[in-house]
Amino acid sequence: MRPFIATEVPASVLSLLDRTRRVIATIPDDLVGRDGKPIQISCHHVAHVVEAILPNLRCVDGFFAKGYEHSWLATRDPDYIIDPYPIGALPAPMLLCMTRFSPWAALYDASRQPAAVQTPEFPREVAAILLARQPARSSSFYDVL
C-alpha cells in the first residue's frame, strides 16, 4: 500500500530524497579530526554536509519537539523538508510533509540557533567529514539494523 502522501510528493522532491540518501551513504561511521579526537557525527554535521553537496537543499538549524537541538534540510518546495538524521527514528533520511494533515510543522522550530553549530570546531568538523567521504556503501534502510 502507498500512503496518501506518496501520491502528493513532486518527483523533484523524491529525487532530492534519493540523492540525500546517497550522500549520507558516503559519510564514514567513525571519523577522527585533525586534533586526533573522534568526531561524534550529529544531525548538524550530516545536514551541513548534504547542503554542501546538494545545492537544491538548504540546511536549517533549530530545534525539534521539546527543545532538542536539531538540523534538517529545506527543499525549494516549502511543503516538504528532508530530515537526514532524525532524532530517535528510522529510516534516515525521512521526507516530511509540512502541511496538509501533518503534525510535523509544529515539531520543527527554526526560530532559535542551536549551540552545537556555533562552536569554533563545528565548521572544521564539517570540512573533515566532507574530506573523509568514501565510496557509497549500500544504503538500504535494512542495512542499519
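Read-outs: derived from the displayed coordinates by stated rules, not from any lab. All of these numbers come straight from a predicted model, not from anything done at the bench. Counting neighbours? That spans all protein chains shown, and the Cβs are built from the backbone with ideal geometry, glycine included.
For the chain, the Kirkwood estimate of the hydrodynamic radius, built from every pair of different alpha carbons, is 15.9 Å.
Reducing the stretch 26-86 and the stretch 115-134 to their Cα centroids gives an inter-centroid distance of 10 Å.
Among 10-18, 103-111, the peptide with the highest mean count of other Cβ atoms within 10 Å heads the list, and the full ranking is 10-18, 103-111. Site pair Thr99 and Thr119 shows an inter-label distance of 3.8 nm when each label is modelled 7 Å from Cα along Cα→Cβ. Rounded to the nearest 500, the 222 nm mean residue ellipticity of the chain from helices alone is -8000 deg cm²/dmol, with -39,500 (n - 2.57) taken per DSSP H run of at least 4 residues.
Scoring 30-37, 77-84 by mean Cβ neighbours within 10 Å over their residues and listing the highest first yields 77-84, 30-37.
Stokes-Einstein, applied to the Kirkwood radius of the stretch 1-72 over Cα pairs at a viscosity of 0.890 mPa s and 25 °C, places its translational diffusion at 172 µm² s⁻¹. Taking 0.36 nm per residue of separation and subtracting the Cα-Cα distance, full extension of the segment from Phe4 to Ala65 would add 19.5 nm.
Put simply, the amide H of Tyr80, placed in the peptide plane, has neighbours under 5 Å in Thr75, Met98, leaving out anything fewer than 5 places away on its chain. Note on the stretch 4-135: with charges restricted to the Cβ of Lys and Arg (+1) and Asp and Glu (-1), its dipole about the Cα centre is near 140 debye.
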